[in-house]
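The values are calculated or read from the model by the stated rules, or taken from the named source; none is laboratory data. Please read all numbers here as calculations on a predicted model, not as lab measurements. Here the Cβ is made from the backbone with ideal geometry for all residues, glycine too, and neighbour counts use every protein chain on show. Ligands, DNA and RNA are stripped out before the accessible areas are found, and what is left, the full protein with its side chains, is counted by its heavy atoms. Shrake-Rupley method; radii C 1.70, N 1.55, O 1.52, S 1.80 Å.
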Amino acid sequence: MPGGRLTQQDRQRIAAGLADGLSYAEIATRLGRPTSTISREVARNGGPGGYRPQQAHRATAQRAQRGTPAPPRAAGVPGGTMEEEIIELAVRSGMPKMTARVHVDLLLSEDGRRTAAELTHRLKVSPASVSVAANFLVQQGYVRRERDPQRRRDIYVVDDDAWYHSIVISSRQTLESAQAAMAAAETLGPDTPVGQRLAKVGTFLERVVGDMMESADRWRTLLA
């Protein structure tokens, strides 16, 4: 039943795929599901080494009844959770903590969708804090915004293609910096020390961005 909730049989097939050493993308193809559905399912239920289909199915049913999913424990972090570990990694990479919390909550949700009100309630923060964080994620391509016209509310969605779009947006921003550096080099003179330095930086960034986009386009099928 592609697009619906995972069944117990789906979870058994996920466990079998993990045991066979398949990637999330390969397991997703077998089940006819998005790769993000598989990665969230495994992350929330013990990780690749601790995934148990029956336990995962029971835990999901219990979370659905309570309406509050329990985050998985993080491997190697005493008393911590996988959610906290991912948030910490995002913060180390430069993402504001509130933004990281919103992003990770969306990543680990069953269907990758939350309303602003749900995020506010779950994270126990103000609507303004959620709005600022969500807007940043939308601008950077990590999340897309949908509008529910009937209930007049925004729904924030993280899907497989979000990773591709975030790379595209980041690459464009870096390319703008590269072009600005090369333009400044021309203005200052390509024979001057500063001009030569800026020209080298601009060329370096331009080449790296080109390689990154080529790689993203080549491997985008993994997200299908």
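The table that follows gives values for the structure above.
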{"read-out": "Residues being open to solvent by 70 Å² or more (accessible area, probe 1.4 Å) and either of a type in the set (Phe, Trp, Tyr) or under 30 Å from GLY32 (Cα atoms) (or both) - total across the range 171-224", "value": "10"}
{"read-out": "Top-ranked residue of the range 93-119 - restricted to ones that are over 12 Å from the mean Cα position of the chain (by Cα) and among the acidic types (Asp, Glu), ranked as farthest from VAL158 (Cα to Cα)", "value": "GLU118"}
{"read-out": "Test result for GLU118, out of contact with any helix residue (DSSP H, G or I) (no Cβ under 7 Å at 6 or more places or on another chain) and under 17 Å from ASP160 (Cα atoms)", "value": "no"}
{"read-out": "Count of the range 1-25 residues which are at pLDDT 85 or above, of a type in the set (D, E, K, R) and more than 25 Å from TRP163 (Cα to Cα)", "value": "1"}
{"read-out": "Hits in the range 126-170 - residues which are of a type in the set (Asp, Glu), open to solvent by less than 40 Å² (accessible area, probe 1.4 Å) and within 14 Å of THR115 (Cβ to Cβ)", "value": "ASP148"}
{"read-out": "Residue satisfying condition, being modelled with pLDDT of 75 or more and either over 22 Å from the mean Cα position of the chain (by Cα) or not in a helix (DSSP H, G or I) (or both), within set ARG33, ARG40", "value": "ARG33"}
{"read-out": "Filtered residue count, the range 1-30, keeping only those that are under 23 Å from ILE86 (Cα atoms), assigned to a helix (DSSP H, G or I) and over 19 Å from the mean Cα position of the chain (by Cα)", "value": "3"}
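Residue by residue, here is whether (1) modelled with pLDDT under 90; (2) over 18 Å from SER39 (Cα atoms); (3) touching a helix residue (DSSP H, G or I) at 6+ places or on another chain (Cβ under 9 Å); (4) not aromatic (Phe, Trp, Tyr) holds:
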{"site": "THR60", "(1), (2), (3), (4)": "yes, no, yes, yes"}
{"site": "GLN139", "(1), (2), (3), (4)": "no, yes, yes, yes"}
{"site": "ARG147", "(1), (2), (3), (4)": "yes, yes, no, yes"}
{"site": "GLN150", "(1), (2), (3), (4)": "yes, yes, no, yes"}
{"site": "ARG153", "(1), (2), (3), (4)": "yes, yes, yes, yes"}
